Amino acid sequence: MMGLENHEAQLYASREEMESLVLDDDDDNNNNGTNPSSRSNGGANGDGSQHHHPLSPSSPFAEISTTDDDDPLLSSSSSSSSRHQNPSSFNSFLEPPSYADAVFRSFDGDRGKQINGHGATSTSSPSTGSDYLKVSVTDPQKEQDLNNSLVPGGNSFVTYLITTWTNLPEFNGTEFSVRRRFKDVVTLSDRLSDSYRGYFIPLRPDKSVVESQVMQKQEFVEQRRMALEKYLRKLAAHPVMRRSEELRAFLQAQGKLPLMKTTDVASRMLDGAVKLPKQLFGESVVSAAVDPDDVAQPAKGGRDLLRIFKELRQSVINDWGGTKPPVVEEDKEFLEKKKKLEDFERESSNVSQQAESLVKAQQDIGETLGQLGLAFVKLTKFESEEAMFNPQKLRAADMKNVATSAVKASRLYRELNAQTVRHLDKLHEYLGVMLTVNNAYADRSNALLTVQTLLSELSNLSIRIEKLEAAASKIFDGDRSRVRKIEELKETMRVTDDAKNRAVREYERIKENNKKELERLDKERHDDFFGMLKGFVVNQAGYAEKMAGVWEAVANETSGYAKSSLMK
Amino acid sequence: MITTQTSPTGGGGLLSPRSPNSQPPFLSVSVTDPAKMGNGVQAYISYKVVTKTNFPEYQGPEKIVIRRYTDFVWLNDRLFEKYKGIFIPPLPEKNTVEKFRFSAEFIEMRRQSLDTFVNRIASHHELQQSEDLRTFLQADEQTMERARSQDTGIFKKKPSDLMQIFRDVQSKVTDVVLGKEKPVEESNPEYEKLKRYIFELEDHVAEAQKHAYRLVKRHRELGQSLADFGNAIKLLGACEGDALGTAFSELGAKSEMLSYKLQREAHHLLMNFEEPLKDYVRAVQSIKGTIAERANAFRQQCELAESIKLKEIDLNKLRLLRSEKMLDAEHEYEELKADGQEATRRFETIVRLMNEEIVRFQDQKTQDMGRAFHEFAKGQARLANAIADAWRSLLPKLDSLSVS
């Protein structure tokens, strides 16, 4: 209190700064520490932190408090410019908080397990012991596409440096890098979808339909970089995907990505269109049969128009036809689980919305506390400057106390919110995971449809054969062309039967994959959600305790007023 | 409740002599039991005013009367008229928004403010002697109503009149501040400083009060979203089942419980922090009224001084001419001089009282705000502790569920 008079001059100069600092502070902490370049104090930052064990406590989130210990009002990250304006005058007016801290680190020991956290990669690694596969995406560079450019000198694209650290045996080496562009990621994702039907495959980042000018903007590139990193890390965390040949090739093969490109739509349509007339007019009956190898793949848009038509017809029969198809989804357990997941999805969505409101409410209350503190600061300054009586000085001192505490509490709310967002983000992630589950279920349905279609085919073929045989037997010696036709049909039937068997095997395989993945998901969900709940609760409790401490101090210091009273 | 003189100007001295046998004199008032009276547009709230005293001027040790808001306004106006120079304690505003007129919260807030109002009057060493106060505290309702309706003419000051005075004062002060000197204003630099202080103070306190009010709202909003969040999580728990489902349900329940605590704290904050700040603003506005009165008194004094001077010149002229009007003129002159003295006396009283009052005001405000800060901090600490306890108590359950 006695320091008031000495610092009045500095107060005046710093008041405006205080206002702008406090009031502009709100958006910087919501980045959740995903901005490695802005961390400049202490500890490992950005790429350097990749070497830390995922469960170490020194992930960048701890950095938030250390930059703070000079001053409760200076923001922790982005306002590095304002950090150097008169820190001493702030310190003199508002005492440095005693909460720089260690207490921060004691919250939430699960911090390292975040999928989207910086230094962490795998959330499901406990079972794999000391295997690790860490990936980082950095250093976006603009490159020119010298071939294939219709516009001379045009067509530039961005490549990213993909660095991997691993001790998995199938990789040659423990640390290596390649450069890849977004198109390569699309290819990787498509190939994985083909090879791993039935699995819950993480969704790749969206292609963005934006103009080339936007493509080159730093913000867009940075967003994409983060999204790519998140995606690759999810793949690396998946127990099956991480061992895939496709991922290995992507991460390690130098030069051009050695995976078959997804052919563009136009050429696919062309292929399909060429095949279709032959198939329709039955130039060769045999060629109307489905290629047995193809049944392991879903009907690809364009290339197998005939197959698509057939499967479409089958699905219509399934839905609208009178008879039940020969093979149906019988697995009750599967259906139950599916329903349960749908319920889960619906309720999680609701929780996610309410969580957003909660975060907003926390943010608002923090902001208002800050503004209240600031108003009291102004009032304090006014009273001390204009003081003509002693009670004013006393009042000013009390007010300063309250103002400081309100500002501290305001900052605590902001930090609490950043953490809350991080925890409740888990929910958002699982909502995303639901999409991958739906894809896996789609694989299953498609495979079943293929089986059903083939079974229909077989049944049609056998009816035709029966009819032809019945006709032929009436005439002795038979019709040579008819006999030949019967032979052809029988051959087709054999091929089709073969295809059907493969399709059934594929279907069973996918079913098995679904089941395994569901179990894995349940287990992970169980662990992740408990982690989320616990983290949320610990945070709320921790910050509440800090706030209680701040206010208890003020209550104690003003307890003298509680005893005297001029009014009831 | 015993009234104590905590003013640093020392006990202003009670008029009643203290006899060695009796207790120290006290006057204790409380405003309680708001009740809705009447119907429709005519409906209003009545309050029970309980007076306990040993002042000789009062009838008996205890008296209970029924009063309504307009009665308080009457008292305020009378005191303002009679005790110029004293900062009359502020009244809560008349509520013009129909919707809230009978909300429980509004009624409680008003009751509290009215209680504070009367108590401050009863504790003020001069105001407590007021006859109007006695009437207010003791008269039966008919007498009270008669007194209220008689309050016409020169004594009747509607709030709108006061506002006009405030505005006049404000413009006059600004004129002075801006350097547009008007000859009829005091040129007392300390007083100028005080006036500027008062006007700026109002702005600052009003801003703080605005944010305090918003803070109350924020508490309510946070409470609401905790309730919604808790509910949604409980639903999620219900469809999840097993250990995880139970965990969700417990968390949801805690969240809903905390929502209730937040609403409680919002109310506490409103009554014990926001209201005192609002009261502070009103008090400052009341001071502005006194400033206006002082300006009036000064102007009157100056005008009379002018008139006296002119009259004197006139008189001398008449003396020289040996006119028969001289005697009348002398009379008038003497009257004017008496008026002038009276005006000067009135003005000087106001100045003296104001000087005492400003000291008392500063001290009282420090006490009031100190208490408000204390309640604020206590409430926030209590809330934070409740939140921490609630969440902490959930942890062991969560731990045991996560391994089951």
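Just so you know, all these numbers are worked out from the coordinates, no wet-lab data involved. Please read these numbers as outputs of a predicted model, since none were measured by experiment. Cβ atoms come from the backbone with ideal geometry, glycine included; neighbour counts cover every protein chain shown.
With a Förster radius of 51 Å applied to the C-beta separation of A:Asp194 and B:Tyr260, the computed FRET efficiency comes to 0.40.
Each of A:Glu175, B:Glu108, B:Glu256 has some number of other Cβ atoms within 10 Å of its Cβ, and from fewest to most they run A:Glu175, B:Glu108, B:Glu256. The mean count of C-beta atoms from other chains within 10 Å of the C-beta of residues in B:197-210, rounded to a whole number, is 4.
Exposure proxy ranking for A:Glu336, A:Glu545, based on other Cβ atoms within 10 angstrom of each Cβ and starting from the fewest, stands as A:Glu336, A:Glu545.
Using the Cβ-Cβ distance between B:Asn54 and B:Thr135 with R0 set to 22 Å, the FRET efficiency from 1/(1 + (r/R0)^6) comes to roughly 0.70. For A:Asn172 and A:Ser559, what is the calculated FRET efficiency with R₀ set at 60 Å and r taken between the beta-carbons, to the nearest 0.05? Working from the Cβ atoms, E equals 0.25. Protection proxy ranking of A:222-230, A:243-251, by the mean of other Cβ atoms within 10 Å over each peptide's residues and highest first, is A:243-251, A:222-230. Full extension of the chain between B:Ser400 and B:Ala35 yields a length gain of 126.1 nm, computed as 0.36 nm times the residue separation minus the alpha carbon distance.
Residue-wise HN-Hα couplings along segment B:223-233, as the Karplus relation 6.51 cos²θ - 1.76 cosθ + 1.60 with θ = phi - 60° gives them from phi, are x, 5, 6, 5, 5, 5, 4, x, 5, 4, 5 Hz; Gly and Pro carry x.
Extension gain, A:His428 to A:Lys360: 0.36 nm times the residue separation minus the Cα-Cα distance gives 22.9 nm. Peptide A:394-400 shows a mean partner chain C-beta count of 4 within 10 Å per residue C-beta.
Applying the Karplus relation 6.51 cos²θ - 1.76 cosθ + 1.60 with θ = phi - 60° to segment A:337-348 yields 3J(HN,Hα) values of 4, 4, 4, 4, 5, 5, 4, 4, 4, 5, 5, 4 Hz, where x marks Gly and Pro. With both labels modelled 7 Å from their Cα along Cα-to-Cβ, the B:Lys82 to B:Ser103 distance reads 3.7 nm.
Between A:Lys339 and A:Arg505, full extension at 0.36 nm per residue minus the direct alpha carbon distance yields a gain of 57.2 nm. According to the Cα-based calculation, Rg over Rh for segment B:193-338 is 1.61, with Rh computed by the Kirkwood formula.
Shielding value for B:250-257 is 2, the average number of Cβ atoms from other chains within 10 Å of each residue's Cβ. Sorted ascending by nearby beta carbons within 10 Å, beginning with the fewest, B:Ile64, A:Ile365, A:Ile465 become B:Ile64, A:Ile465, A:Ile365.
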